[in-house]
Structures are given as structure tokens and as C-alpha cells.
Amino acid sequence: MYEKITPPTTGAKITFKNGEPVVPENPIIPFIRGDGTGIDIWPATEKVLDAAVAKAYNGTRKISWFKVYAGDEACDLYGTYQYLPQDTLTAIKEYGVAIKGPLTTPVGGGIRSLNVALRQIFDLYTCVRPCRYYAGTPSPHKTPEKLDVIVYRENTEDIYLGIEWKQGSEIGNRLIKILNEELIPATSEHGKKQIPLDAGIGIKPISKTGSQRLVRRAIKHALLLPKNKQQVTLVHKGNIMKYTEGAFRDWGYELATTEFRQETVTERESWILGNKEKNPNISAEENARQIDPGFDALTPEKKAQIVKEVETVLNTIWESHGNGKWQEKIMVNDRIADSIFQQIQTRPDEYSILATMNLNGDYLSDAAAAIVGGLGMGPGANIGDSCAIFEATHGTAPKHAGLDKINPGSVILSGVMMLEYMGWQEAADLIKKGLGDAIANGQVTYDLARLIEPPVQPLKCSEFADAIIKHFG
Ligand SMILES: NC(=O)C1=CN([C@@H]2O[C@H](COP(=O)(O)OP(=O)(O)OC[C@H]3O[C@@H](n4cnc5c(N)ncnc54)[C@H](OP(=O)(O)O)[C@@H]3O)[C@@H](O)[C@H]2O)C=CC1
Ligand SMILES: O=C(O)CCC(=O)C(=O)O
Ligand SMILES: [Mg+2]
């Protein structure tokens, strides 16, 4: 079955039932060490995960690690350009849950991202990136503890499905000609727009199916959160790109108000219901005026549309959501992408789950990680319906590779997410405690040490792992 790797002789497979993992006491879990700083981070991570599982379950549970190869290590073993060998894909498919270090992607030419390839091959359509603060972590932000968000990033479409044609290429030129001469003038909505003849061309597809399955997972996650965090914010740039970014928002609302009608309320619905609660005799038109500040300047058609929206909300959900019942529901709202970047800094405590398309979520997850201490503290998970691969938000940080210096926190916390996904909460909690206490005691790697006042002596990557284990208690 495998060309160059051998699965552990002990252990059993994780299987999936209705999209959820069924985990034996001794699961076999494939891991990819990763390029660059993966060489430092992975041993530290494995040590912490093993120690936590051993302590939490007194030896009754144990992970059997299965080393599989990708990136530079794979080329060393399998030959030139064998960045993602079939063995690795077979193992991940077979065992269902895997964890990985970062893998290099060259900019410009060369291979396309192995990280993205893995997400697409296994249809890991949800990228979950929680950003929460651990007490004592130095941060460039004044109140980092107020940020506790989970970026739910669509993981297979948008720029990950992006198809590009190089500037000056034959097909690129043909495409520009067809667009300029046929497709753009075919309707009035694009006006006199013309694509410059020396442009590269990229297409970013956003589908209804892809958007809704992501938002579905985000809402299901919100249902599990404490009441005050039951909120899903749809992040988009729909003011500019109506049929991709704007459609993501619309499909998100559509899903929330159909599949999860009893569990959700949209922000606009909450305003309409709230206005009626404050003033039971309010007319539909006055209600519309209050939810839309520019109402009086709108065209009659647009005004009628908003009045209709008010009437529909009151006719359909007053019974189930009115008289304050909406306050018990998951709030679904939306924010324009540039605005959410300032909102998570100025009003971080007003947000919980941020559901995004691919590119917006890429930026947002790095930015949110920076607020709570940097990329060394940014874990993540790529989740599909029959497979999950856990990995940090950051990349290979090549300048720090092999120095036993980098912060392994993000991959360790990705391991925590994996344990939680497996239902091994006790082991996950031990690591969170150990990591939190190590940081609170100023036992940190260089990235956090340089932000602490007065400065502390940084720990090595491996020493930080040991400190976490010591603080299990
Ligand atoms: N999922 C994946 O495998 C990903 C892979 N990549 C790939 O990684 C490569 C390098 O990308 P690059 O743009 O340099 O981004 P990186 O995320 O690798 O690193 C950028 C900077 O972030 C900080 N950083 C990253 N990881 C850590 C950590 N564990 N602890 C502390 N600080 C950290 C370092 O800052 P400082 O030096 O200031 O301390 C580092 O120089 C590229 O090939 C890229 O494509 C990128 C993202 C994700
Ligand atoms: O695969 C890559 O090189 C980049 C991926 C990335 O930036 C991410 O997953 O956040
Ligand atoms: Mg990224």
C-alpha cells in the first residue's frame, strides 16, 4: 500500500460518522514535520502532546504517531520535485486526522502551495483559527484580553480556486479581447470599463454551496458557545464586488434565516423587532426609517422595499422572536472587510465568530493573531466532512529555522484543537493551563520576550515545551 513509509504497528484508525470523528483509545495520527522552523517546532509539539495525553489518561490513551512526508523532506526521501508523495495522501485519507508543520511556497513561479493542495485534495473547506489571549502575553495592543474571536475562513474557493493568466500570454490576451469587445459591452452594468491590454487576469470563484457550507459550520459552532459569544459576523467586501463578496453575505444570511430560522436573528431583524418592542404602535414606514438612516433620501422603490422588509419580518418572526426572544438567538450580522480590521482593534469584545471568504480570512487571521501576541500564538484547523488537518496560521519563518528559537505555541495550540476535536478535552485543558502558566511566569520564546517590559531572557523552543509540561501541575 505504501512505497516508502510504514504505519505504526500499534493503534487504530479514526473513522467518521455524520461528519464527526469516532476516536479509538490509541489512534494512529499522521504528522508532517514541515519545512523551515518545522524542524524545531514539531519535536516540541509532539513532546507536549504526548506528555499531556499520558498525564490526563494515566496511560490508557496514547497517540501512535505516523511520520509522513511533504515539502523538502519529501524530496529528500522520494526524489526531486516529489513535494507531496502519494504515500502521504494515502495515509491522511486512511487515518482521517492529521497534524502538520508549515510548508514553503515560492512566490511567483514554481510549485503552487502544498498547504492549499492538501486542503483542496481532502476538501477541508473550513479553516478555523481561534485568536484568544493568554494572560501575561505581551501584546502591542492595550487591551488584548478583549479579543476572543474565531476566524471561520472558507478554505477551497476564492483565491485558492483562483485561476490566473499571465500578462502578455496568448490566452490572457484573448480573454482580455473577449471581455473588452464582447462581454463587458453586452450589458449596461459595467459601463465603459475596459481591462488594460497589459493586465494579468485572475478569476476568483465564490459559490453558493461553498459559502453556505462554511457559514453552516460557523453557526453550528456558535450554538456551542456561551450565550454572550453566540454571534456570527459575515465579513465581505460586497460594497465593491457584488456578485462574489456581496453574494457571500447574502447566501450567509439566506442560510441563517432558513436552515437555522429558530436559532438565529439577523442584526436588521433585531432592530425591527426592537423598534416594535419599544413602540408597539410604530408604523412600518417609521420602523423602516429608524433601521435605515438614509431612508428619506431613497427612491420610492427602495423605500417600498425596506417597508416591505419590515412588514415581512414582523409577519413571519414576531411570534417566535418578538418580545425580547430574539436576544436568546444567535446574532448574525455582517461587516465590510476593511471595517472589521479596525473593529477588532477598537471594539474587539463585540465580535465572536468571523465567517470569511478565503482571502479576507487569510489577512484577518494573521492580524487577529498579532493582537493576542503574534503568529507564535495563532493555531488553526482545516476541517472537512471526512478529514481534518491541524496546522498553525503562520508559515515556515525561514530565517529562524534550525535555531531552536521559534515559538512552538501555535502548533502546540493546533494540537490542542486536535485533541478537542477528538473529544480528549482533559489533555487539551492540561496544555492550555501549562502554556498559560508558563507565559504568566515570563517563560517565553524570543517573540514574546522582546515585548515584555522589563525584558526577560527568552527560552529556546525546546525549553518552552518543557516549561509548558512543568506547568501541567
Ligand atoms: N500553512 C502554511 O504552511 C503556511 C506557509 N506559508 C509559507 O511560509 C513561507 C514563509 O512565509 P512568511 O511570509 O515569511 O511568513 P511566516 O508566517 O513564515 O513568518 C513571518 C514572520 O512571522 C513571525 N513568525 C512566524 N512564525 C512564528 C512563530 N512560530 N513564532 C514566532 N514568530 C513567528 C516571524 O516574525 P519575526 O521574524 O519578526 O519574529 C516571521 O519572520 C512562505 O513560503 C509561505 O508561503 C505561509 C503561511 C502559512
Ligand atoms: O500555503 C501558503 O504558502 C500560504 C498559506 C497561508 O497563508 C495560510 O494558510 O494562511
Ligand atoms: Mg496566511
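Of note:
- All other residues whose Cβ lies under 14 angstrom from that of residue 147 are scored, Lys and Arg at +1 and Asp and Glu at -1, for a net of +1.
- Across the range 91-147, the relative contact order, built from alpha-carbon pairs under 8 Å that are at least six residues apart, equals 19 percent.
- To put it simply, the accessible area of the range 49-102 at a 1.4 Å probe is 46 percent carbon and sulfur.
- Normalised by 2.2 N^0.38 Å, where N is the number of residues, the alpha-carbon radius of gyration of the chain equals 1.08.
- Net charge of Cβ neighbours under 12 Å - reference residue 10; Lys, Arg +1; Asp, Glu -1: 0
- Contact order normalised by residue count of the range 69-165, Cα under 8 Å, 6+ apart, percent: 20
- Shown for the range 410-473: the carbon plus sulfur share of the solvent-accessible area, taken with all protein chains present and a 1.4 angstrom probe, equals 53%.
- Computed on the range 40-88, with alpha-carbon pairs under 8 angstrom and 6+ residues apart, the relative contact order is 23 percent.
- Sum of side-chain charges, residue 244 neighbourhood, beta-carbon under 13 Å (Lys, Arg +1; Asp, Glu -1): 0
- Between 0 and 90°, nearest 10: helix 425-440 axis offset from the chain longest Cα axis: 90
- Heavy-atom accessible area, probed at 1.4 angstrom with all protein chains present, ranks 137, 299, 209 as 209, 299, 137, highest first.
- Inter-centroid distance (Cα atoms) of the range 50-71 relative to the range 323-399, Å: 28
- Contour excess over end-to-end distance, with Cα ends at residue 242 and residue 386 and 0.36 nm allotted per residue: 48.6 nm
- Whole-percent carbon and sulfur share, accessible surface of the range 262-377, 1.4 Å: 50
- Order of exposure, largest accessible area first, which applies to 377, 1, 331 with probe 1.4 Å: 1, 331, 377
- Residue 20 accessible area, 1.4 Å probe, all protein chains in place, Å² to nearest 10: 100
- Accessible surface calculations at 1.4 Å, restricted to protein heavy atoms, place the range 21-73 at 34 Å² per residue.
- 236, 190, ranked by accessible area, largest first (probe 1.4 Å): 190, 236
- Residue-averaged 222 nm ellipticity for the chain, from DSSP H runs of 4+ at -39500 (n - 2.57), nearest 500: -12500 deg cm²/dmol
- Using a probe of 1.4 angstrom and keeping all protein chains present, the accessible surface of the range 219-377 works out to 48 square angstrom per residue.
- Rough spin-label spacing in nm, given labels placed 7 Å along Cα→Cβ, for residue 339 and residue 192: 3.2
- Debye intensity ratio in log₁₀ form over the Cα atoms of the range 121-252, taken at each q of 0.16, 0.17, 0.19, 0.20 Å⁻¹: -0.95, -1.01, -1.13, -1.19
- Cα extents of the range 373-473 along the three principal axes, largest first (Å): 46, 34, 21
- Mean accessible surface per residue for the range 121-186, computed with a 1.4 Å probe while every protein chain stays in place, in Å²: 51
- Rounded tilt (10° steps) of 358-371 against the dominant C-alpha axis of the chain: 70
- Inter-centroid distance (Cα atoms) of the range 99-127 relative to the range 133-210, Å: 18
- Only Cα sites of the range 300-429 enter the Debye sum here, all with the same form factor; the resulting log10 I(q)/I(0) across q = 0.11, 0.12, 0.13, 0.22 1/Å is -0.63, -0.71, -0.80, -1.31, listed in q order.
- 0 to 90° range, to nearest 10: angle between helix 300-321 axis and the chain longest Cα axis: 60
The values are calculated or read from the model by the stated rules, or taken from the named source; none is laboratory data. What you see is a predicted model, and the numbers here were worked out from it, not measured in a lab. In this analysis, Cβ positions are derived from the backbone assuming ideal geometry, glycine residues included, and neighbour counts consider all displayed protein chains. Remember, those area values only see protein heavy atoms, side chains included, never the ligands or the DNA or RNA. Shrake-Rupley method; radii C 1.70, N 1.55, O 1.52, S 1.80 Å.
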